[in-house]
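Contents: one structure, followed by commentary.
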């Protein structure tokens with residue numbers, strides 16, 4: 001699905017999500033988008049293979065509370081830094097490598113080349129940056145030009161050389177978005193973050209597609225049950241959109257809460273996962 005298609009989906013999702021109790025009819029959604037009911041149905045089926053009515057059920061607050069109540073306890077995570085394996089995202093292996101202390105000696109990004117490219121996704125235009133060791137950032141444009149993404153990356157890593165490349169297919173991303181069976185490839189992530197943040201992201205990777213967890217459960221899993229604010233900060237600063245699933249984290253009451261790339265996109269990601277999982 002192309003980014004323009006996602007914009008139409010996002011408009012529909014925003015309209016539905018703002019009035020879940022009224023549960024707008026398909027006629028009302030179609031009128032809001034100035035299109036036909038047939039077109040709305042076709043759009044949703046093409047996007048995530050579920051009907052608009054089924055989508056509406058996935059964002060129901062009572063359903064969110066039931067998902068939280070039924071959530072399995074998250075595995076405890078011991079403090080780690082450096083190379084972390086044994087993780088998965090959508091059934092694909094994930095390996096996280098943190099930046100080494102030598103990274104700071106000559107300034108962030110010294111003697112490092114970062115390649116960046118633009119990709120389509122079911123959730124809109126996606127910017128991807130990667131070092132020779134792995135992907136270091138995945139973000140959504142949110143209507144901002146590419147230069148804004150590049151400027152922010154350069155601010156974080158002022159000594160790095162940034163190089164734009166053609167958007168070659170990333171095999172793990174392609175497999176996930178096309179809903180194929182997991183391929184025998186590892187998603188390598190090279191992350192500039194504190195070990196405590198990486199532990200929170202590692203815990204998020206332990207959740208299943210289509211499920212929800214809350215900040216308190218995550219804080220307990222990383223051994224910081226009294227530091228829910230720190231856990232919240234780690235969740236909201238996640239640099240790998242969608243593939244480290246911070247969109248599965250909600251507040252203890254089941255409210256969606258904020259999201260770095262927009263609440264509408266968070267709704268969309270959860271609905272898309274529900275449509276492709278057995279939840």
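The values are calculated or read from the model by the stated rules, or taken from the named source; none is laboratory data. Just so it is clear, the model here is predicted, and its values are computed rather than measured. In this analysis, Cβ positions are derived from the backbone assuming ideal geometry, glycine residues included, and neighbour counts consider all displayed protein chains.
Structure notes:
- Failed condition for residue 182, given (1) in contact with a strand residue (DSSP E or B) (Cβ under 8 Å, 6 or more places away or on another chain); (2) not in a loop (DSSP other than H, G, I, E, B): (2)
- Pair list, Cβ < 8 Å and 6+ apart or interchain, from region 165-183 residues that are over 26 Å from residue 113 (Cβ atoms) to residues that are at pLDDT below 75 and in a loop (DSSP other than H, G, I, E, B): 175/181; 175/182; 175/183; 179/276
- Number of positions in region 227-279 that are part of a helix (DSSP H, G or I) and within 26 Å of residue 51 (Cβ to Cβ): 15
- Subset of region 205-227 that is free of Cβ contacts under 8 Å to residues at least 60 places away in the same chain and within 26 Å of residue 268 (Cβ to Cβ) - its residue that is surrounded by the fewest Cβ atoms within 10 Å (Cβ to Cβ): 216
Residues are listed down the side, and each one gets a yes or a no for (1) at pLDDT 85 or above; (2) in the same structural domain as residue 265 (by TED's automatic domain parsing); (3) surrounded by fewer than 16 Cβ atoms within 10 Å (Cβ to Cβ); (4) at negative phi:
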site	(1), (2), (3), (4)
17	no, yes, no, yes
46	no, yes, yes, yes
58	no, yes, no, yes
92	no, no, no, yes
